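Trainee: Let me begin by handing over the structure; questions about it come next.
The values are calculated or read from the model by the stated rules, or taken from the named source; none is laboratory data. Keep in mind that what you see is a predicted model, and the values were worked out from it rather than measured. Cβ placement follows ideal geometry from the backbone for every residue including glycine, while neighbour counts extend to all protein chains displayed. The protein model used for the area step is the full one, side chains on, heavy atoms only, and it has no ligands, DNA or RNA in it. Shrake-Rupley method; radii C 1.70, N 1.55, O 1.52, S 1.80 Å.
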Amino acid sequence: MSNKLPKSARLLKSEDFDRVFRRHCIVSDDLLVLHAEQGISDETRLGLVVSRKCGNAVMRNRWKRILREAFRLLRSELPSGIDLVIIPRRTGKPATVPSLEQAQASLSGLAGRAERKLAAASKTSS
């Protein structure tokens, strides 16, 4: 697998974000809130929503860089065929950005929980 994060691995259209938000499959921890939905392809895709509550533009862009890098490094380990939208939580009054290791640990755990939640929901709806 290439080390790059291709455009096909990102959610870019508002329709895709709306579809994921409509599903209401939400898992969270102290660092991130993750919305998940079964994707339309076999590739796991990432969408980011970083609000002004996370800080100024510099802080928001740092959040996005850290989260994209964590996703890129974990792509092979994450469940396939799931669309993920990540929303960071504000971590304190002086806005701070987590380390890459913290973001990876959080994303990995939340993605596993979301996969189990989606699988359980699809079994009950079948």
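Trainee: Would you mind computing Rg(Cα) / (2.2 N^0.38 Å) for the range 1-40, counting N as its residues?
Mentor: So the Cα radius of gyration is 1.37 times the expected 2.2 N^0.38 Å.
Trainee: Also, quick follow-up: Whole number in Å², please: accessible area per residue of the chain, 1.4 Å probe, ligands, DNA and RNA not counted.
Mentor: 58 Å²
Trainee: With +1 on each Lys and Arg Cβ and -1 on each Asp and Glu Cβ, and nothing else charged, work out how big the dipole of the chain is about its Cα centre, in Debye to the nearest 20.
Mentor: 500 debye
Trainee: Can you give the helix-only mean residue ellipticity at 222 nm for the chain, where every DSSP H stretch with n ≥ 4 adds -39500 (n - 2.57) and the sum goes over all residues, rounded to the nearest 500 deg cm²/dmol?
Mentor: Calculated from helices alone, the mean residue ellipticity at 222 nm is -14500 deg cm²/dmol.
Trainee: Give me the percent of the accessible area of the chain that comes from carbon and sulfur atoms, probe 1.4 Å, all protein chains in place.
Mentor: It is 49 percent, rounded to a whole number.
Trainee: While we're here: Let me make sure I get this right: for the range 47-100, a, b and c are the square roots of the gyration tensor eigenvalues over alpha carbons, sorted descending. Under 1.5 in a/c it's rounded, otherwise prolate if a/b > b/c, else oblate. Which is it?
Mentor: prolate
Trainee: Grab the other residues whose beta carbon is less than 12 angstrom from that of Ala114, score K and R as +1, D and E as -1, and report the net.
Mentor: Local charge sum for Ala114: 0.
Trainee: Counting DSSP beta bridges in the range 24-126, what percent are antiparallel, to the nearest 5?
Mentor: Among the beta bridges of the range 24-126, antiparallel pairing accounts for roughly 75 percent.
Trainee: In addition: Under 18 Å from the Cα of Lys64, which lysines turn up, not counting those fewer than eight places away in the same chain?
Mentor: Lys4, Lys7, Lys13, Lys53
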